[in-house]
Each structure stands twice: as structure tokens, then as C-alpha cells.
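Below is one structure, written out as C-alpha cells, with a few remarks after it.
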Amino acid sequence: MNASSNAAVPSASSRIAFIGGGNMARSLVGGMIRNGASPQDIDVAEPNAGLRAALAHDFHVGTHAENEDAAQSADVLALAVKPQMMKTVCAGLSAIVQARKPLVISIAAGIRIDQLEHWLGGAVAVVRCMPNTPALIGAGATGMCANTRVDASRRALAQNILGATGLSLWIDDEALMDTVTALSGSGPAYFFLLVEALEDAAVAQGLPRTTARALAVHTCAGAGRMLAEDGAAPAALRERVTSPNGTTQAALESFAAGDFRAIVASAIAVATARGRELSSEFGS
């Protein structure tokens, strides 16, 4: 697997069209422009007039109500629509895709590369990816996989685009993308649940809620930063905090008694299985 963050911008000759102008597309557009991409090379198709106006105002990109108008001159087509809409959207764009043969990047959980190729008419270079919501603040984590039609230059182009919002990693086996979805795609929700639980537990012990929330948020943010910057394994960092017979050890023993690791493993397993199910629900 290869990683990239703070990526360079795509080449000046690449025109990029986003189909869908929601939060994830907005985060990618913003990240690309922050990294030096030209707004004149970016088009966004979005049916919601308010979202179109905001994108045009904030980023000065081209905006369109119709998908075909955004896609007609695209070298890269980023499909940022809900999974249940993907088959219909691809059918509407298949003629343009067959004529132009752009690089297609899909940002949709559960939609396989072979489904996208089929819906777009076949023989298409496709990158399937799974970003997460911290991409909205430039701190995302994105897993990517590509079919064999994506050559080295197009892999670099996809990585540059997706790396504009944080870390990007290539996954060699597409079957593992469902685990990526379960881990990093859904992972922010698990983290938010942990912070919720810490806050509520501290309030139950008598701390004011505003104090409990501030301490929980900054403790978790600081721990995450240590993980990212220290380089030590999570287990090693945990051991540094854990004094024999101290308060941390008592808490960790309580987690172990509740089989914390098994709970996490079960959550990842069911989320992975649900990702596999989604592809069959959206059609062949």
C-alpha cells in the first residue's frame, strides 16, 4: 500500500467534473484549490440551486444543474452521489464516458468497480475510494483501489485529487474496501460515540457537562495527535500511560472485563458485512 497526504495538484491540463456537490465533493474541491488547483479546471453538477450558488461563490468553480453539462469536457469524472443513485447517474453519463474515456473516481460505499464499469458502458478506467468526514477539515483518511485500466499516471492523478483532504492509501484487493469502509469510513462515528460516553460518564461522577466535554474532546484530540506524530505503536503509547496498580490500569481492566476488544471486532465485522451487502442491493 502507498500513502499520500498534502498532495500536489493535478496537472494543468486535467479538467475535473464532480457529479454531486455535497459535503464530500465540497471538501475535495476546497482541498484541491487550497493546494493550488485552478478553479477554471473544476466543474460541479448539483441539482440543488443553493448548493450550486455556494460552490460558485466560495470557490469560483463552474457549476451546472445537469450532470451532462459538467461532464462533457472532463478528463476526470468524480462521482460523488449517494450509492442508491449511482446506477441511474452512470446510465445518464455513459455516452459521454464512452466518447471521452475519462478517469472515473467513485465516492460511494458498497459500489464495486465492475458495477461502475458495466453501468458506464464498459472499458472504463475506474478508481473506487472511501473518504471519511474529517476530509471536510483537511484531516481525512481515504482508501483507494483501481482497476487495471488505471495506469501509473492516472493513479498519481487520483491520489493527488483524493490526497487534497488528508491521507490517501492504495488498497490492492478491492474486497478489502468493505473493511476500509468499516474502519475509516464509519470510524469517525465510533470515535464520536466514545467521546459521548466519556462525557456522560464524567457528568455522572459530578463534573459539569461543559467541563467534561472540553476535557474529553481535548484528551482524545491530543491522543490522536500523539498517535500521528510519535511513531510508536498504539500499544506502546498505552503502556506509557499505564502505571502498575494505578487508575489507568483499573480502568483498562474494567474495559477488558467487558470484552472491549471483542465489541470493537464485532462492530467492524458487521459493518464490513453490511458493505458487502450494499453492492447487491444497488443492482448489477
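Values quoted throughout were computed directly from the atomic coordinates according to the rules given, and no laboratory measurement underlies them. In this text, all values refer to a predicted model and were calculated from it rather than measured experimentally. Using ideal geometry, Cβ is built from the backbone for each residue, glycine included, and neighbour counts are taken over all protein chains shown.
Largest mean-square fluctuation among 265, 204, 152, in a Gaussian network model of the chain whose springs join Cα atoms under 10 Å apart, belongs to 204.
The phi torsions of the range 161-171, fed into the Karplus equation with coefficients 6.51, -1.76 and 1.60 and a -60° offset, translate into couplings of 5, 6, x, 5, 10, x, 6, 9, 10, 7, 10 Hz, rounded to whole numbers, with Gly and Pro shown as x.
The mean of 1/r over all pairs of different alpha-carbon atoms in the range 187-279, once inverted, gives a Kirkwood hydrodynamic radius of 15.4 Å. Residues whose amide H lies under 5 Å from that of residue 166, counting only those 5 or more places away or on a different chain, are 6, 7, 140; hydrogens are built 1.01 Å from N in the peptide plane. Calculated FRET efficiency, residue 54 to residue 84, Cβ-Cβ distance, R0 = 30 Å: about 0.80 to the nearest 0.05. For the range 221-229, backbone phi angles converted through the Karplus equation (6.51, -1.76, 1.60; θ = phi - 60°) give residue-by-residue couplings of 5, x, 5, x, 5, 4, 4, 6, 9 Hz, Gly and Pro being listed as x.
Between residue 101 and residue 228, the C-beta separation translates, for a Förster distance of 51 Å, into a calculated FRET efficiency of about 0.85. Between 257, 70, 45, find the one with the highest GNM mean-square fluctuation for the chain; connect C-alpha pairs within less than 10 Å. In this elastic network of the chain, the residue with the biggest mean-square fluctuation among 257, 70, 45 is 257. A cut-off of 5 Å between modelled amide H atoms, ignoring neighbours fewer than 5 places along the same chain, links residue 18 with 43, 44, 45, 78. Sequentially through the range 72-81, phi angles give Karplus couplings (6.51, -1.76, 1.60; θ = phi - 60°) of 5, 10, 7, 8, 10, 10, 9, 8, 10, 10 Hz, Gly and Pro residues having no value and appearing as x.
Peptides 210-216, 166-172, 141-147 ranked from most to least packed give 141-147, 166-172, 210-216, packing being the mean of other C-beta atoms within 10 angstrom over each peptide's residues. Overall dimensions of the range 3-178, expressed as equivalent-ellipsoid semi-axes from the Cα gyration tensor (√(5λ), whole Å, largest first), are 21, 19, 15. Full extension of the chain between residue 247 and residue 205 gives 13.6 nm of extra length, using 0.36 nm per residue less the Cα-Cα distance.
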